[in-house]
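Everything on this sheet refers to the single structure shown next.
The values are calculated or read from the model by the stated rules, or taken from the named source; none is laboratory data. Everything quoted here is computed from the prediction, not taken from an experiment. Cβ coordinates were reconstructed from backbone atoms using ideal geometry, including for glycine residues, and neighbour counts include every protein chain displayed.
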Amino acid sequence: MGAGGTWIRRGWPVALLLLAASALVLTARPSLLDGPAHYLVLRRDPVETVDAALVMAGDPGYERTKTGARLVLEGRARLLILTGGEPGPGDSSASLAAFARQLGVRDDQIRTESVSTGTHSSMEAVGGILAADGVKTLALVTSPYHQRRAFGSARRVFGKDVRILNWPVEPSFWSPERWWRSGRSRQIVISEHVKLAYYALRGWI
């Protein structure tokens, strides 16, 4: 047998392993393939009552605002703090506040900041609000895919002065299950991992 036959004898275990690995990727349980998306999601903390619900901008469908407003309307949060300094529906705190009012949240229950342009700057911008209103417990309301980065940033900025409770939106338009089958979901997951790395390098989380 020639050199090719020798390679076959020596190489077939490797080839079988590669074949098996390929089959595993193709037939793996969705939970394995969903790992990168599930990493972004933090478990919802049990929330009885908090001083405030902090709603992150980037909410064109207002699902974050609905969730935060519900906490206030149910008497589980004293204040609704809305972020966003970018123009446009869902990106400006003014648009989130207008929607919250439609849901029944009173003006005296709403606080806004209108200078931030991202997650980290949002946390910095609401620091004065938290201090002025004596906020010591905070429900962090945002989309599930944004929770890990938002929580890390909040913890870094607020330190031990504020107890942060995770309250990811539910239900949400986005789900970690089979995220890789949707172009929009792939973009969300990849973008969040890139932003997490950037935030880590900047020392923001």
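Okay, here's what the table says:
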{"quantity": "Lone qualifier among Ser114, Ser122 - being of a type in the set (Ser, Thr, Tyr), touching a residue at least 24 places away in the same chain (Cβ under 8 Å) and either within 30 Å of Pro176 (Cα to Cα) or assigned to a strand (DSSP E or B) (or both)", "calculated": "Ser122"}
{"quantity": "Residue satisfying condition, being in a strand (DSSP E or B), of a type outside the set (S, T, N, Q) and over 17 Å from Phe158 (Cβ atoms), within set Leu71, Leu80", "calculated": "Leu80"}
{"quantity": "Residue in the range 114-129 that is closer than 16 Å to Thr65 by Cα, modelled with pLDDT of 95 or more and surrounded by fewer than 20 Cβ atoms within 10 Å (Cβ to Cβ) present", "calculated": "yes"}
{"quantity": "Subset tally (residues that are surrounded by fewer than 24 Cβ atoms within 10 Å (Cβ to Cβ) and not polar (S, T, N, Q)) for the range 58-68", "calculated": "6"}
{"quantity": "Arg156 in contact (Cβ under 8 Å) with a residue 40 or more places away in the chain, buried (at least 21 other Cβ atoms within 10 Å of the Cβ) and either at positive phi or among the basic types (Lys, Arg) (or both)", "calculated": "no"}
{"quantity": "Qualifying residue in the range 169-190 (condition: under 20 Å from His120 (Cβ atoms), of a type in the set (Lys, Arg) and either surrounded by 12 or more Cβ atoms within 10 Å (Cβ to Cβ) or without any contact (Cβ under 8 Å) to a residue 40 or more places away in the chain (or both))", "calculated": "no"}
{"quantity": "Count of the range 131-153 residues which are buried (at least 17 other Cβ atoms within 10 Å of the Cβ) and part of a loop (DSSP other than H, G, I, E, B)", "calculated": "2"}
{"quantity": "Of all residues making up the range 34-57, the number that are assigned to a loop (DSSP other than H, G, I, E, B), in contact with a strand residue (DSSP E or B) (Cβ under 8 Å, 6 or more places away or on another chain) and surrounded by 13 or more Cβ atoms within 10 Å (Cβ to Cβ)", "calculated": "7"}
